[in-house]
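Have a look at the structure that comes next, please.
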Amino acid sequence: MLAAAPITAHAGPPTAGGSGLGDDYFPNYGNSGYDVDRYAINVDYQPQGDLLNGTTTITAKATQDLRRFNLDFALRVRSVTVNDKPATFNQNDPHELVVTPKKPLRNGEQMTVKVEYFGVPSAVKVDGITPWIKTADGAIALGQPEIAAWWFPSNDHPQDKAKFDITMKVPSGVEAISGGKLVSKTLTPNGDTWRWREDKPMATYLAFMAIGQYEVSESTSSKGLPIINAVAVSDDVRIQRAKADFARTEEVVDFLARQYGPYPFDALGNVAPNADFGYALETQTRPVYTRGFWRSGSNMGVVAHEFAHQWWGDSVSLTQWNDIYVNEAFASHAEWLWSENQGQGTAQQLMRQTYDSYPEGDSFWQVSIGDPGRDNVFDGAVYDRGAMSLQALRNRIGSPAFWQVLRTWQAERTYKNGSTEEFQALAERLSGEDLDGFFKAWLYDQRKPAATAENGLDFGTENALRQTDAEGKVAQQAAPEQVTATRAELAKTRQQLHGR
């Protein structure tokens, strides 16, 4: 009997990676065909003229056979190499850098991509916008959902998180602040070089740089973590108030860790530039704030909000941008938890006041926060209705189950991603309840949720509620005037957060 000839499997020809990851709101953000491990960003920035020259080296792995791939980038490119070989490239789309390696890449192959580039970021617009913030003494690379394309090429979507090394050369005497640990600082008459490193996975929009005149303070937390705060060199009272609040960062982080689980990163701090840009952003390990948050005095609520994001948004990131609920609802609710902890009004009292402040038929209730739409990603309802929904969930399933859900979400998904639907599934699994009606009323119906026990709004028994925090402590009750004052301050915070 003749032996059959062996069948040899042949892979198809290499194909082009996609120019987007298919995000429902931002379909061209991110790229398919590869997975990034680390970005090594090296920029030379001159505040005079807002001129940036850079070299970014990307280490990644092909996830398919690739004949070409895309990077999200808006500045002008000088050269590209792939595995030390010159590659051809084009920028026919203002947001896309299309790279064709000299030799196709095979599925699973490691690749090192080096891009050299230059530009004036404040002069570069994509679809009519630029998130780049030019200041009197420098600049801030800061934005959500996009900023990376204005200072380094990347796979610009939270689905592809990576590690970062960020090196910035600036004129002598100018500070260059970023996230993670400060690796080194070299000061010379010809310019200063600051090196930062983040070894925990980070979404590209959470990488930032703030360049200008800053007062930088360094200390160490009780757990051995470096704390670096940077505030603008200024006698502006808002900056001085921010500085005073930043000194309490460890207190906030320790409180939040008791609610959600261990702090997920290896550094912490804050940045307050001498600028008004209308928002704060949870840049990983070191949030950045507009100085306007401190126009009326201390504002620890916004610090609690941005540091809650280190768990909700940074460590566990949204899967697509329509999952903004799993970021902003939890950070907003954290402000209420902080208020409760400080004896300034419980989360329950603040939820009741917020619920009552938006009457039936108000446009506020028309936003379906579980899928708000691209134009409403940062709408006020995502924050306030989101915070109310979590407090209502706490009422509906009870405090013990509520805290178990929040801590389990973090424990199971650290450095990964999650969706709104997956959060609901976890809440149902751990509580043993069918919560379809609850989440439909709070996240998707375009009307005010009825004040029922099913919706966590049985106000008739409100005084009997004995809610506990994650440590089992019963919440304090604040005097009515304290609650009103807290609500007024939160309203100011909300207005600024919505200004993104």
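The values are calculated or read from the model by the stated rules, or taken from the named source; none is laboratory data. Just so it is clear, the structure is predicted and the values come from calculations on it, not from any experiment. All Cβ positions, glycine included, derive from the backbone under ideal geometry; neighbour counts span all protein chains shown. In case anyone asks, the SASA skips ligands and DNA or RNA and just uses the protein heavy atoms, side chains included. Shrake-Rupley method; radii C 1.70, N 1.55, O 1.52, S 1.80 Å.
What is the projected area of the convex hull of the Cα atoms of region 23-212, averaged over all directions, in nm²?
Average projection, Cα convex hull of region 23-212: 10.4 nm².
If I ignore ligands, DNA and RNA and count only protein heavy atoms, how much of Met300 is accessible to a 1.4 Å probe, in Å² to the nearest 10?
Rounded to the nearest 10, the figure is 10 Å².
Here is a further query. Which order do the peptides 198-210, 324-336, 351-363, 34-46 come out in when sorted by mean C-beta neighbours inside 10 angstrom, highest first?
Ranking, from highest mean packing down: 324-336, 198-210, 34-46, 351-363.
Going down the table (Lys185/Lys223; Lys102/Lys181; Lys102/Lys134; Lys114/Lys416; Lys125/Lys440; Lys200/Lys223), which pairs top 29 Å between alpha carbons?
Lys102/Lys181; Lys102/Lys134; Lys125/Lys440
Can you compute 3J(HN,Hα) from phi for each residue in region 221-233, using the Karplus curve 6.51 cos²θ - 1.76 cosθ + 1.60 with θ = phi - 60°, rounded to whole Hz and x for Gly and Pro?
Using θ = phi - 60°, the values come out as 6, 5, 9, x, 8, x, 10, 10, 10, 10, 10, 4, 6 Hz.
Just need the relative contact order of the chain here, percent rounded to a whole number, with Cα pairs under 8 Å and 6+ apart.
11 percent
Would you please give the residues with an amide H less than 5 Å from that of Gly418, counting only those at least 5 places away or on a separate chain, with H modeled from the backbone geometry?
Residues meeting the criterion, in which the H sits 1.01 Å from N, are Ser317, Leu318, Thr319.
Using only helices, what value at 222 nm comes out for the chain when you add -39,500 (n - 2.57) per DSSP H run of length 4 or more and divide by the total residues, to the nearest 500 deg cm²/dmol?
Rounded to the nearest 500, the figure is -8000 deg cm²/dmol.
For helix 480-497, what angle does its Cα long axis make with the longest principal axis of the chain, in degrees from 0 to 90 and rounded to 10?
Computed tilt is about 20 degrees.
A follow-up question, please. Run the 1.4 Å probe and let me know the accessible area of Asp458, rounded to the nearest 10 Å².
Result for Asp458: roughly 70 Å² accessible.
For region 262-313 and region 185-261, compute the distance between their C-alpha centroids and round to whole Å.
What the calculation gives is 10 Å, centre to centre.
Moving on. What part of the accessible area of the chain, given as a whole %, is carbon or sulfur when the probe is 1.4 angstrom?
48 percent
Which value, to two decimals, describes the C-alpha radius of gyration of the chain once divided by 2.2 N^0.38 Å?
In units of the 2.2 N^0.38 Å rule of thumb, it is 1.03.
I'd like the distance between the alpha-carbon centres of region 347-382 and region 385-413, rounded to an integer number of Å.
18 Å
Same structure again: Based solely on C-alpha atoms, express the radius of gyration and the Dmax of region 92-195 in angstrom.
Answer for region 92-195, Rg first and Dmax second: 16.3, 48 Å.
Moving to a separate point now. Tell me the net charge near Pro47. Cut-off is 13 Å between Cβ atoms, Pro47 excluded, with +1 for each Lys or Arg and -1 for each Asp or Glu.
Residues near Pro47 contribute -3 overall.
Considering region 314-420, what Rg and Dmax in Å follow from its alpha-carbon atoms?
Here Rg and the maximum Cα pair distance are 14.0, 40 Å.
Can you run phi through the Karplus equation (6.51, -1.76, 1.60; θ = phi - 60°) for region 149-154 and list ³J(HN,Hα) in whole Hz, with x for Gly and Pro?
These are the phi-based 3J(HN,Hα) values: 4, 8, 8, 7, x, 6 Hz.
Quick one: pull the percentage of alpha-carbon pairs in region 133-262 with a separation above 18 Å.
The share of Cα pairs beyond 18 Å in region 133-262 comes to 62 percent.
Can you give the relative contact order of region 23-212 as a percent, counting alpha carbon pairs under 8 Å and 6+ residues apart?
24 percent
Could you compute Rg(Cα) / (2.2 N^0.38 Å) for region 300-374, with N its residue count?
The reported ratio for this selection is 1.21.
Per residue, how large is the accessible surface of the chain? Use a 1.4 angstrom probe and give square angstrom.
Value returned for the chain: 39 Å² of accessible area per residue.
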